[in-house]
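Peer 1: Structure in structure tokens, see below.
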Amino acid sequence: MKPPLALLAELTHRCPLRCPYCSNPVALTRGSAELTTQEWARVFDEAAAIGCLQVHLSGGEPTARRDIVEIVGAAHAAGLYTNLITAGVLLDAALLGRLKAAGLDHVQLSVQDADPAGAERIGGMKGAQERKESAARFVREAGLPLTLNAVVHRQNLSSLPRLVDIALAWGAARLEVAHVQYYGWALRNRDALLPTRAQLDEATRVVIAAREALRGRLVIDYVVPDYHAARPKACMGGWGSAFLAVSPSGNVLPCHAAESIDGLVFPNVRDTSLRAAWEDSAAFNRFRGTDWMPAPCRGCAHAERDWGGCRCQAFALTGDAAATDPACALSPHHGLLAEAIAEAGATTFRYREFG
Amino acid sequence: MTPRFAPGVRLHHDRARARWIVLAPERMFVPDDTALAILRLVDGVRDVDAIVDDLAQQYAAPRDVIATDVRAMVEDLVARGALTG
Ligand code: SF4
Ligand code: SF4
């Protein structure tokens with residue numbers, strides 16, 4: 001069994017934004033059930049000991065935790081490369097300075113749209129765009145590398161060229177353009193979020209042209225959506241192969257969305273070591289490798305390339321987490337995706353309330 | 001030229017896999033032996049000449065041969081975003 005490379009630490013589900021495609025579970029963890037600073041420090045030590053090199057500090061909004069500086073310090077002390085994934089609206093220059101001093105390596109800042117009105121409608125928070133722009137400046141002034149992360153969908157894809165401009169103007173070295181993935185809350189808003197084929201082709205064209213024009217100035221990572229594809233996206237190098245996540249309440253997950261799958265029981269860091277969770281737990285072993293695969297994945301030449309696609313999407317769309325991801329043209333459920341695309345076109349979002 | 005690690009880039013000893021690895025924003029790579037020998041000497045103080053001197057001594061090799069290799073490799077590491085000059 002290979003050791004994991006990266007840990008996603010979901011520090012909290014609390015967040016001042018309300019993005020309609022949030023990948024957090026539909027049932028959120030309360031603040032009072034969150035792991036403590038000391039518990040996170042132990043998780044980081046154990047993660048480094050079993051081979052993790054990187055930790056992504058995420059949420060929710062990780063800076064909503066009052067102990068975020070101590071948490072970064074603990075991750076750094078464990079020897080992990082620390083990446084903060086933030087919406088940026090709670091950051092100020094002083095906090096950035098303290099995070100940098102505590103050992104933060106990299107900041108990934110989300111942006112919901114290019115123009116403030118669009119961004120604030122999607123994120124559901126007034127004044128957010130201005131604060132994000134300031135946050136980008138604080139990151140730069142602290143001497144930290146910045147990646148801008150734009151989640152794109154039907155309602156903001158036309159802004160993609162301007163999102164590239166923003167990445168440059170805000171001083172990002174990288175731009176990550178990711179299409180929404182449809183499980184959890186995003187699935188409930190799928191009708192409003194699914195792009196058309198024409199939008200998708202245009203986005204791909206924009207990315208290719210920008211990459212060419214900005215070589216050496218901006219790196220653009222592009223995650224394509226699979227609703228329009230014939231092959232599913234590869235699942236993180238395989239379930240339980242390189243990656244683990246820990247939820248705000250300490251559940252150890254093979255993927256950040258794994259709790260959306262009914263019937264899996266996850267080990268918790270409050271009563272299991274990370275090593276035992278990785279090596280011996282039923283949840284991690286359930287879809288590890290290729291032995292669990294039914295037809296048409298079983299024996300398929302692509303099995304070790306895409307690992308049968310996404311378990312969470314398979315469950316969300318077919319009710320069976322072991323089914324071939326319907327994004328695959330060989331899946332008997334592949335038609336579901338075309339149907340969803342045909343039905344999409346809603347203009348209003350369903351926002352969730354928290355608190 | 002005095003090479004240093006680009007912001008957010010560092011060389012890390014990966015104990016679980018008994019190797020050195022370069023960690024960078026959104027990516028990591030395993031340096032080959034030449035790159036590793038150079039990266040271990042990058043401290044923001046040594047310039048390229050000092051790195052060449054060091055390696056020429058370490059490997060008891062002719063300085064001009066080492067110099068050519070080091071310059072090419074540093075250039076490559078700069079192009080890949082791992083170092084800045
Ligand atoms: S059948 Fe399974 S393994 Fe083959 S391409 Fe489709 S999802 Fe991938
Ligand atoms: S199961 Fe799906 S969501 Fe989870 S890691 Fe794999 S591809 Fe990603």
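The values are calculated or read from the model by the stated rules, or taken from the named source; none is laboratory data. What you see is a predicted model; the values in this text were computed from it and never measured. Don't worry about glycine lacking a Cβ; one is built from the backbone with ideal geometry, like all the others, and counts go over all protein chains shown. Protein only, heavy atoms only, side chains kept; ligands, DNA and RNA dropped before computing areas. Shrake-Rupley method; radii C 1.70, N 1.55, O 1.52, S 1.80 Å.
Peer 1: Near residue A:119, within a Cβ-to-Cβ distance under 9 Å, what is the net charge of the other residues, with Lys and Arg +1 and Asp and Glu -1?
Peer 2: Net of charged neighbours comes to -1.
Peer 1: Check which residues have an amide H placed less than 5 Å from residue A:179's amide H, if you skip close sequence neighbours.
Peer 2: Under 5 Å from the amide H of residue A:179 lie the amide H atoms of A:152, A:223, each far enough along the sequence or on another chain.
Peer 1: What FRET efficiency would be calculated for the residue pair residue B:63, residue B:16, taking the C-beta separation as r and a Förster radius of 45 Å, to the nearest 0.05?
Peer 2: 0.75
Peer 1: Let me ask something else. Work through the residues other than residue A:284 whose Cβ is under 15 Å from its Cβ and net out their charges, Lys, Arg +1 and Asp, Glu -1.
Peer 2: 0
Peer 1: Once the cut-off is 13 Å, how many percent of the Cα-Cα pairs in segment A:163-208 end up in the long-distance tail?
Peer 2: Counting pairs separated by more than 13 Å, the tail of P(r) holds 66 percent.
Peer 1: Other chains' Cβ within 10 Å of B:1-14 residues: what's the mean?
Peer 2: Counting Cβ atoms of other protein chains within 10 Å of each residue's Cβ and averaging gives 3.
Peer 1: Provide a whole-number value for the mean count of partner chain Cβ atoms within 10 Å of the Cβ atoms in peptide B:24-37.
Peer 2: Average per residue, whole number: 3.
Peer 1: For segment A:137-142, take each phi angle, set θ = phi - 60°, evaluate the Karplus expression 6.51 cos²θ - 1.76 cosθ + 1.60, and give the result in whole Hz per residue in order, putting x for glycine and proline.
Peer 2: For segment A:137-142, the Karplus curve yields 5, 4, 4, 4, 5, 7 Hz.
Peer 1: Over all residues in A:139-151, what is the mean tally of Cβ atoms on other chains that come within 10 Å of each residue's Cβ? Provide the component values of the computation, followed by the final result.
Peer 2: On the way: counts 0, 1, 0, 1, 2, 3, 8, 3, 3, 0, 1, 0, 0.
Mean partner-chain Cβ count within 10 Å for A:139-151: 2.
Peer 1: Follow-up. With θ taken as phi - 60° and the coefficients 6.51, -1.76 and 1.60, list the Karplus ³J(HN,Hα) couplings across segment A:88-94 in order, rounded to whole Hz; mark glycine and proline as x.
Peer 2: Once θ is set to phi - 60°, the couplings for segment A:88-94 become x, 6, 9, 8, 9, 4, 5 Hz.
Peer 1: Can you compute 3J(HN,Hα) from phi for each residue in segment A:214-231, using the Karplus curve 6.51 cos²θ - 1.76 cosθ + 1.60 with θ = phi - 60°, rounded to whole Hz and x for Gly and Pro?
Peer 2: 10, 3, x, 10, 9, 8, 10, 8, 10, 9, 7, x, 9, 5, 9, 9, 9, 10
Peer 1: In terms of the Cα gyration tensor, with a ≥ b ≥ c the square roots of its eigenvalues, is segment A:6-228 rounded because a/c is under 1.5, prolate because a/b exceeds b/c, or oblate?
Peer 2: Working: a/c = 1.70, a/b = 1.41, b/c = 1.21.
It comes out prolate by the Cα gyration axes.
Peer 1: For segment A:1-132, what ratio Rg/Rh do Cα atoms give with a Kirkwood hydrodynamic radius?
Peer 2: Working: Rg = 15.2 Å, Rh = 15.4 Å.
Value, to two decimals: 0.99.
Peer 1: For the protein assembly as shown, what does -39500 (n - 2.57) per DSSP helix run (n ≥ 4), summed and divided by total residues, give at 222 nm, in deg cm²/dmol to the nearest 500?
Peer 2: -10500 deg cm²/dmol
Peer 1: Continuing with the same structure: Over the heavy atoms of residue B:84, what accessible area does a 1.4 Å probe trace out, to the nearest 10 Å²?
Peer 2: It works out to around 50 Å².
Peer 1: 5 Å is the cut-off here: which amide hydrogens, built 1.01 Å from N in the peptide plane, fall below it relative to residue B:83, excluding neighbours closer than 5 in sequence?
Peer 2: HN-HN under 5 Å from residue B:83: B:6, B:78.
Peer 1: Moving to a separate point now. So how long is each side of the protein assembly as shown along the principal axes, counting just the alpha-carbon atoms, biggest first, in Å?
Peer 2: Here the spans come out as 69, 48, 45 Å, largest first.
Peer 1: Sticking with this one: By accessible area of protein heavy atoms, probe 1.4 Å, what ranking do A:15, A:235 get, highest first? It would help to have the intermediate numbers written out before the result.
Peer 2: Values: A:15 50, A:235 25 Å².
Accessible-area ranking of A:15, A:235, largest first: A:15, A:235.
Peer 1: Under 1.5 on a/c is rounded, so check that first for segment A:219-355, then, if it is not, pick prolate when a/b is larger than b/c and oblate when it is not; a ≥ b ≥ c are the square roots of the alpha carbon gyration tensor eigenvalues. Numbers along the way, then the final one.
Peer 2: Details: a/c = 1.88, a/b = 1.23, b/c = 1.52.
Taking the square roots of the gyration eigenvalues as a ≥ b ≥ c, segment A:219-355 is oblate.
Peer 1: If you take the alpha carbon radius of gyration of segment B:4-80 and divide it by 2.2 N^0.38 Å, what ratio comes out, to two decimals?
Peer 2: Taking the Cα Rg and dividing by 2.2 N^0.38 Å, one obtains 1.11.
Peer 1: Would you pull out the residues with amide H under 5 Å of residue A:81's amide H, same chain only if 5 or more places away, H placed 1.01 Å from N?
Peer 2: It is A:54, A:55, by chain and number.
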